[in-house]
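Taking it in order: structure first as structure tokens, then the write-up.
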Amino acid sequence: MRQATIYIDSAALQYNFQRVKQLAPNAKIVSMVKANAYGHGVKDCLAALADSDAFGVACLQEALEIRDLGYQQPITLIEGIFSADEMPIVIAQNIECIVHHQQQLDWLLAHKDAYITQGLKIWVKLNSGMNRLGFKVPEIIDVIHTLKAEGFTCVLAMHFANADADHPLNEQQKAQFLQVKNACAPILASCCNSAAIYKWPELHFDFVRPGIMLYGASPFADQNVHTLDLKPVMTLTAEIIALNQIQPGEQVGYGSTFTAERDMTIAIVSIGYGDGYPRAYVQPNFVAIQGQLTPMIGRVSMDMIAIDVTGLTVKLGTTVELWGKNRLVDEVATANGTIGYELLCRMSARPVRKQI
Ligand SMILES: *Cc1c(COP(=O)(O)O)cnc(C)c1O
């Protein structure tokens, strides 16, 4: 059988969850499990994250999947609902919404009594300069005052555009968040993703929203998961399905982009972009064999890649790690001009999935 396998390490996921608890001991943890738990498979991940105070997802379908799996924790829809007909379902299923524009407020107010009776909080999104979603200052202050007067319990919510970097917008976003928080006191508050959890303990407030750190990838370009004391959760492996001896001047793969300069042993490995492995590597890229980094050569095909195994002791069936503990997904991402988040989320359905 073709081997292209995604291993999900539940113990690593639990370890990373405990890291969030250590870093933010006084905040409730909203584990972000959107996009099928960042591609890790929501079912397995929920079991490992069962101590979460709440879960965060991007849409009602994702929230209902969590309910179908039997989890009763609060769920926050981080973009709120997308149409009026979702409101009765949200209320019946105990799902909390963000509001980020007037129409969502109108839908909410039309179901005010049922929403409040269910004990659901409403998350009000501040647009403090990222300019994706939310109400700006000062409008948001009026929105929150109105909601509080109507009897809603509000959470002031905000997302950083540059939590992973030193950027002047960070100070503006923090200042606006604190301004609104003070103007609307007392109010629950939440503004920390993984990077912000590490960088700004003073901003943890009531709810932190870790995503990428739970999965053992780094939110920072300049710090890897080992320095952050996180454990990679996903390992992607395949195996050697052919070994070829080639001579100087011979070429490998589509486009014949690689030309041998010496006698080489190359291995063909059972992984490709049809599995979700990225094709576009722009810097030298590597796989790990028995923990040792081994260079990729030529183009990534739909079902195969080629690697240089000259001098290594390998055979047909030898396991190759595309990413995991020895070759970090963030390193593969850098070689491909992207971020670990994308690679994890975009795995295809073809690799076999196993929980370890
Ligand atoms: C995805 C998301 C997070 C988690 O971000 P990470 O960088 O993965 O920790 C937090 N908050 C919101 C609103 C999000 O959309």
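The values are calculated or read from the model by the stated rules, or taken from the named source; none is laboratory data. What you are looking at is a predicted structure, and each value in this text was computed from that prediction instead of being measured. Quick reminder, even Gly has a Cβ in these numbers, built from the backbone with ideal geometry, and neighbours come from all protein chains shown. The area values use the complete protein model at the heavy-atom level, side chains included, leaving out ligands, DNA and RNA. Shrake-Rupley method; radii C 1.70, N 1.55, O 1.52, S 1.80 Å.
Residues in the range 286-307 that are part of a loop (DSSP other than H, G, I, E, B), in contact with a strand residue (DSSP E or B) (Cβ under 9 Å, 6 or more places away or on another chain) and open to solvent by 50 Å² or more (accessible area, probe 1.4 Å): Q290, R299, D303, M304. Criterion first (out of contact with any Pro (no Cβ under 8 Å at 6 or more places or on another chain), within 15 Å of the ligand (Cβ to nearest atom) and free of Cβ contacts under 8 Å to residues at least 24 places away in the same chain) does Q223 satisfy it? Here the answer is yes, as Q223 does meet what is asked. When D275 is tested against (1) within 30 Å of Y15 (Cα to Cα); (2) out of contact with any strand residue (DSSP E or B) (no Cβ under 8 Å at 6 or more places or on another chain), exactly one condition is not met: (2). Counting just the residues of the range 308-332 that are touching a residue at least 40 places away in the same chain (Cβ under 8 Å), over 23 Å from P232 (Cα atoms) and not acidic (D, E), which one comes out least open to solvent (accessible area, probe 1.4 Å)? Among those that are touching a residue at least 40 places away in the same chain (Cβ under 8 Å), over 23 Å from P232 (Cα atoms) and not acidic (D, E), it is V309.
For the range 267-280, taking the residues that are open to solvent by less than 50 Å² (accessible area, probe 1.4 Å) and part of a loop (DSSP other than H, G, I, E, B), the one that is farthest from V332 (Cα to Cα) is identified as S270.
Within the range 337-346, restricting attention to residues that are open to solvent by less than 20 Å² (accessible area, probe 1.4 Å) and more than 12 Å from T235 (Cβ to Cβ), the residue that is farthest from the ligand (Cβ to nearest atom) is L343. Confirm whether T237 is touching a residue at least 24 places away in the same chain (Cβ under 8 Å), more than 10 Å from the ligand (Cβ to nearest atom) and under 30 Å from A349 (Cβ atoms). Yes.
Taking the stated definitions as given, is Q283 out of contact with any Cys (no Cβ under 7 Å at 6 or more places or on another chain), modelled with pLDDT under 95 and surrounded by fewer than 17 Cβ atoms within 10 Å (Cβ to Cβ)? So Q283 passes the test. Considering the conditions (1) closer than 17 Å to I141 by Cα; (2) of a type outside the set (F, W, Y); (3) open to solvent by 20 Å² or more (accessible area, probe 1.4 Å); (4) within 16 Å of the ligand (Cβ to nearest atom), Q104 is excluded by exactly one of them, (3).
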